[in-house]
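Contents: one structure, followed by commentary.
FYI, it's all coordinate maths here, none of it is from the lab. This is a predicted model, so every value here is computed, not measured. So basically every Cβ, Gly included, is an ideal-geometry build from the backbone, and we count neighbours across all protein chains shown.
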Amino acid sequence: MKDPELSLTPSLKRFSTSKPSRSDITGSGRKDRPQAGGGSLVSARKIELSGQWGQVFGPLDLDIDRGGVNLISAPPGAARTAFLMALCGRMKLKSGRLTVLGHTNDHRAVFRESNIACFDELDGPQPSVTVQDLITEQIRWESGFFKWVPLATTEDFKEMCGYLFEGLALPPIDAFIADLPELHQLLLRIGVANTRRPPLLVIGRFDKMSDREQQVELLDRLVALGEKQSVITADVNASDFEDRVSEVVEVPGLFEFQQRMKPAKTLAEDDELKNEDDEPERYSRPINARPDSGDERPINAPREQEGDGS
């Protein structure tokens with residue numbers, strides 16, 4: 001008989017709220033377009049982000065309503081990833097006014113009330129990680145530091161992620177995550193990230209799915225989650241799913257960050273050097289010639305014997 005002190009289920013139930021029913025998961029979003037509502041989720045005014053290599057995105061203005069699935073229409077890349085991470089408090093903006101879940105320019109508060117999943121830079125599992133490893137690690141993170149937590153079981157897996165796998169075969173607990181079908185991998189990662197059911201859930205990697213049918217299947221399950229939470233994801237071809245999501249948000253200001261260019265003064269100096277009369281002579285020296293000397297011979301060239309040659 002299982003020791004009640006070592007049971008994992010109570011620690012999971014502490015963080016769980018009402019879950020979508022089977023009809024929620026398998027039926028919503030396939031017939032009627034879900035409607036967002038309940039006020040403003042995101043309000044952004046002139047937000048921008050830059051890094052050591054230059055501008056990442058911005059300035060941007062946009063508004064997103066609470067509830068449902070909101071699909072960001074933008075090309076993939078570092079700019080879009082940074083934008084989604086900024087919306088859920090994982091990156092701090094350089095400037096602008098960003099209000100998320102009622103918190104204005106407070107990324108720490110947004111961090112506490114949101115979660116993020118399916119970003120390989122953040123939660124991508126290693127090839128040697130099994131389903132059991134991932135579930136166990138999440139349970140241990142959410143348990144008290146003083147509590148002993150054994151390896152997760154199939155029941156723990158069902159408790160944490162089973163509602164997302166309604167209608168699908170649950171993967172074996174000892175399976176390697178890298179060996180699972182793409183849809184199963186993403187559902188597993190979403191389930192692990194969504195144990196607390198935060199008001200905002202940001203999902204990445206949606207438009208990187210190779211199978212169109214699995215992509216639609218994933219979106220339908222996100223729509224079901226959108227009845228209890230606000231879900232944001234992104235797709236370069238977002239208009240293809242316009243009838244399935246609450247709103248498609250066009251963000252034309254997202255562009256791939258540019259590497260820092262040379263200052264204009266340096267470029268002008270380079271052009272000036274190229275026009276000098278002695279330029280051909282300057283660049284005709286051997287690559288390995290001795291610097292700052294009149295000796296044009298390569299460093300490795302043998303030196304002639306000094307004397308009268310007798």
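Quick notes on this one:
- At q = 0.10, 0.19 Å⁻¹, base-10 log of I(q)/I(0) for the range 110-245 (Debye sum, equal scatterers on each alpha carbon): -0.32, -1.19
- Computed from phi, the 3J(HN,Hα) profile of the range 245-251 under the Karplus parametrisation 6.51, -1.76, 1.60 (θ = phi - 60°) reads 10, 5, 7, 9, 9, 7, 10 Hz, with x in place of Gly and Pro.
- Cut-off under 5 Å, modelled amide H: who pairs with VAL202 long-range: ASN115, ILE116, ALA117, ILE232
- For the range 50-168: span of alpha carbons on each principal axis (Å, largest first): 48, 36, 32
- Each residue of the range 118-130 is assigned a 3J(HN,Hα), and the resulting list reads 6, 10, 4, 5, 10, 10, x, x, 6, x, 8, 7, 9 Hz, derived from the Karplus form 6.51 cos²θ - 1.76 cosθ + 1.60 (θ = phi - 60°), x at Gly and Pro.
- Distance from the Cα centroid of the range 122-184 to that of the range 216-255 is 26 Å (rounded to whole angstrom).
- Convex hull volume per residue for the range 32-117, taking Cα atoms only, in Å³: 107
- Residues whose amide H lies under 5 Å from that of VAL249, counting only those 5 or more places away or on a different chain, are LEU71, ILE72, SER73; hydrogens are built 1.01 Å from N in the peptide plane.
- The modelled label-to-label distance between PHE146 and ALA109, using points 7 Å beyond Cα along the C-beta direction, is 3.3 nm.
- For the range 4-250, the alpha carbon positions stretch 53, 43, 34 Å along the principal axes, listed from largest to smallest.
- Amide H within-cut-off set for VAL56, under 5 Å, with H built and near neighbours excluded: LEU49, SER50, GLY51
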